[in-house]
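Q: Would you mind keeping the following structure in view while I ask a few things?
The values are calculated or read from the model by the stated rules, or taken from the named source; none is laboratory data. These numbers come from a predicted model, not from an experiment. Glycine gets a Cβ as well: all are built from the backbone with ideal geometry, and neighbour counts include every protein chain shown. Ligands, DNA and RNA are stripped out before the accessible areas are found, and what is left, the full protein with its side chains, is counted by its heavy atoms. Shrake-Rupley method; radii C 1.70, N 1.55, O 1.52, S 1.80 Å.
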Amino acid sequence: MKKIAVPAVVLGLVLVLVPGPASGEAPAKVKIAKEKQFVLDWLGRAEAVESFGRISDSIWEYAELGLQEFNSSKLLADTLEAAGFTVERGVAGMPTCFVASYGSGKPVIGLLGEFDALPMLSQKGRVAKQDPVVEGAPGHGCGHNAMCTAAAAAAIAVKEAMAAHGIKGTIKVFGSPAEEIVASRPYMIRAGLFEGVDAVIDNHSSSGFGTDYGVGGNALFSTIFTFKGKTAHSAGAPWVGRSALDAVEIMNVATNYLREHLQLSQRLHYIVLEGGEAPNVVPDKASVWYYVRNTDERLEDMYKRVVDCAKAGALAAGVELASMRVVSAIHQRHASKAAAELFQKNIELVGMPAWSAEEQAFAKALQKELGAKEEGMPKEVEKLEAPTGASYGGGSSDVGDVTLITPTATIGFPGSVPGAIGHHWSNVACWYGSTAWKGLNAGAKAIAASTIDLLTRPEELAKLRKEFEEYAKTHPYKPFLPADATPPNDLNKELMDKYRGSLEKALAGK
Ligand SMILES: [Zn+2]
């Protein structure tokens, strides 16, 4: 097991008994700085667990898609403002993006928080079989409802500690929309929001409680290809028409052949956004939305070849490739080792929440339903492991770009049932009610404790800065996002408008 490191140079130490992280061992005596003890106590109050839990549940109920998170963003921004933060809303060209700041001067510590839902995943909370709130509506299948809430809870606790103990510096909460379409952070960076930020603490929902470092996930181009042809009667005079849908289909066939010749790190997927309106009219407009993913080094080459497939589709169908709209483009995550090592100590200090019998029963029922191992909720925090160095591709997060402009790592906090599936109804079921409340509270404690370390222990922040500045020499930030790209504020509007009313109605009587 790991021993919890003791900060030797902190003034005003409080002696506290902390249960040993491994079972069967005697509690370890750990000296905790009074400022850190303050935030742990502040967040540990039943009132704090409940009030932030209710905020998380409200955002879960809103289930708002990326850049349509008007209620979610407002609730979080209002909460921070009422707690004494200065809030700038609608920043970086996105109505639901905000920055909440408290304090002044250096150091400046940033907390990231996401709050968008995913389409098609509607599900009742804490129900262990598929049962949507509204059939086909969005749902929080990635726990983002708990994530910005954890950041806000941590920030408010830290603010209280700053006021009570005269801690100097600035904390900023970056309310980051549309993570599910990886579409806010590159625009936020471009708008200069992270200038002067010395370090960033990101968080993500998980089944475990841990952190990581190194290069991970995939870089990504998210692009909508639109083709323009000519309508005609599909039976009467089809030779007059030029089908834009044909171009989409030929492009898709071409990219599916391309897969064979790409490195294993690639991921390539698409949905058809527009493909005509009736079989008897040759479609003159069609569009397809692609996610093109690979490592930072391989992304641009792969993307060029996908663009060639689009051109080939247009040429073969005799139509025009009318536009290639880059919705977003992001880097892999390059998470800071020094940050992860600091966060790990605080994760071990906070420890895994104690799950009730009811929470264990729900976890086992869900695991049974999914055919997963019926092991219940985890009992111990994760160990910090060295990255393997191998890249087999995978998902993406626009946190990637942030990791290249300031030292950043992610605290993963528990609440999801082990075996629940990401972007699936089972994960939506987990992120509502008691386990989500406890998990986000544990996450908030680790975030707040780490923020206190970075504000009060200059030698810790210096480690992060030194490591980052070395790394930046070989990995300077060069955005993949084209200079003329604009935030896709329109992309999810129609879909969200379709379900907003029925979701409100379904939850009104509850
Ligand atoms: Zn997520």
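Q: Treating only the Cα positions of region 265-382 as identical point scatterers, give the base-10 log of I(q)/I(0) from the Debye formula at each q in 0.17, 0.18, 0.22 Å⁻¹.
A: So the normalised log intensities work out to -0.94, -0.99, -1.20.
Q: Can you tell which of G400, L384, L507 lies farthest toward the positive end of the dipole of the chain, using +1 and -1 charges on the Cβ of basic and acidic side chains (Lys, Arg; Asp, Glu)?
A: Value computed over the given set: L384.
Q: To the nearest 20 debye, what is the magnitude of the charge dipole of region 301-406 about its Cα centre, counting +1 on the Cβ of each Lys and Arg and -1 on the Cβ of each Asp and Glu? Each step should come with its number before you reach the end.
A: Details: 12 positive and 15 negative charges, 69 e Å.
Dipole about the Cα centre, nearest 20: 320 debye.
Q: For region 420-510, what is the accessible area per residue in Å², given a 1.4 Å probe and the full set of protein chains?
A: 48 Å²
Q: Leaving ligands, DNA and RNA out of it, report the carbon-plus-sulfur percent of the accessible area of the chain at a 1.4 Å probe.
A: That fraction is 55 percent.
Q: Could you order the peptides 133-144, 158-169, 49-60, 407-418 from most to least packed, using the average number of other C-beta atoms within 10 Å per residue?
A: Numbers: 133-144: 23.7, 158-169: 18.2, 49-60: 20.5, 407-418: 27.4.
Answer by packing, highest mean first, reads 407-418, 133-144, 49-60, 158-169.
Q: Per-residue HN-Hα couplings for region 161-167, Karplus 6.51 cos²θ - 1.76 cosθ + 1.60 at θ = phi - 60°, whole Hz, x for Gly and Pro?
A: Computed from phi, the couplings for region 161-167 are 5, 4, 5, 6, 10, x, 7 Hz.
Q: Okay, moving on. Place +1 on the Cβ of every Lys and Arg and -1 on the Cβ of every Asp and Glu in region 175-270, take the dipole about the Cα centre, and give the residue among N252, T226, W239 whose Cα lies farthest towards its positive end.
A: W239
Q: Calculate one ³J(HN,Hα) per residue across region 299-311 by plugging θ = phi - 60° into the Karplus curve 6.51 cos²θ - 1.76 cosθ + 1.60, and present them in order as whole Hz with x for glycine and proline.
A: Here the 3J(HN,Hα) series is 4, 5, 5, 4, 4, 4, 6, 5, 4, 4, 4, 5, 5 Hz.
Q: Distances longer than 16 Å among the Cα atoms of region 286-327: what percent of all pairs is that?
A: 39 percent
Q: Treating cross-link reach as a plain straight distance, find the lysines whose alpha-carbon is under 30 Å from the alpha-carbon of K311, omitting any fewer than eight places away in the same chain.
A: List returned: K228, K230, K285, K478, K493.
Q: Which whole-number value in Å² is the accessible area per residue of region 158-244, probe 1.4 Å?
A: 31 Å²
Q: Out of every Cα-Cα pair in the chain, what percent are more than 33 Å apart? Before the final figure, lay out each step's value.
A: Details: 53055 of 129795 pairs.
Of all Cα-Cα distances in the chain, 41 percent exceed 33 Å.
Q: If you don't mind, another one. Sort the following peptides by mean Cβ neighbour count (other Cβ atoms within 10 Å, averaged over residues), highest first: 180-189, 117-126, 333-342.
A: Highest to lowest by the protection proxy: 180-189, 333-342, 117-126.
Q: Relative contact order for region 118-272: what is it in percent, counting Cα pairs under 8 Å that are at least 6 residues apart?
A: About 13 percent, as a whole number.
Q: Over all distinct alpha-carbon pairs, what is the Kirkwood Rh of region 393-471 in angstrom?
A: 15.1 Å
Q: Next up: I need the Kirkwood Rh of region 243-326: take the reciprocal of the average 1/r across all distinct C-alpha pairs and report it in angstrom.
A: Working: mean 1/r = 0.0753 Å⁻¹.
13.3 Å is the Kirkwood radius here.
Q: Above 25 angstrom, tally the Cα pairs of region 71-172 and express them as a % of all pairs, no decimals.
A: When all Cα pairs of region 71-172 are counted, 32 percent exceed 25 Å.
Q: With θ set to phi - 60° and the Karplus curve 6.51 cos²θ - 1.76 cosθ + 1.60, what are the ³J(HN,Hα) couplings of region 111-116 in order, to the nearest whole Hz, using x for Gly and Pro?
A: 10, 9, x, 10, 8, 9
Q: Related question: Tell me which residues come under 5 Å, amide H to amide H, from G169 once H is placed; ignore anything under 5 positions away on its chain.
A: Under 5 Å from the amide H of G169: S104.
Q: Mind listing the long-range amide H neighbours of C97? Cut-off is under 5 Å, sequence gap 5 or more, other chains count too, H placed in the peptide plane at 1.01 Å from N.
A: G90, V91
Q: Then there's this: Have a look at region 331-431 and give its Rg and Dmax from the Cα atoms, expressed in angstrom.
A: Reported Rg and Dmax, both Å: 16.0, 44.
Q: I would also like to ask the following. Cα-Cα over 31 Å: which of K36/K373; K129/K379; K34/K106; K34/K364?
A: K36/K373; K34/K364
Q: Please compute the contact order of region 91-138 in relative form: average sequence separation of alpha-carbon pairs under 8 Å and at least six residues apart, divided by the residue count, as a percent.
A: On the way: 32 pairs, mean separation 12.8, N = 48.
With pairs under 8 Å counted, the relative contact order is 27 percent.
Q: List the residues whose amide H sits under 5 Å from the amide H of V30, counting only those 5 or more places along or on another chain, with H placed 1.01 Å from N in the peptide plane.
A: Under 5 Å from the amide H of V30: V16, V18.
Q: Pairs of Cα atoms under 8 Å, at least six residues apart: use those to get the relative contact order of the chain, whole percent.
A: Reported as a whole number, the value is 22 percent.
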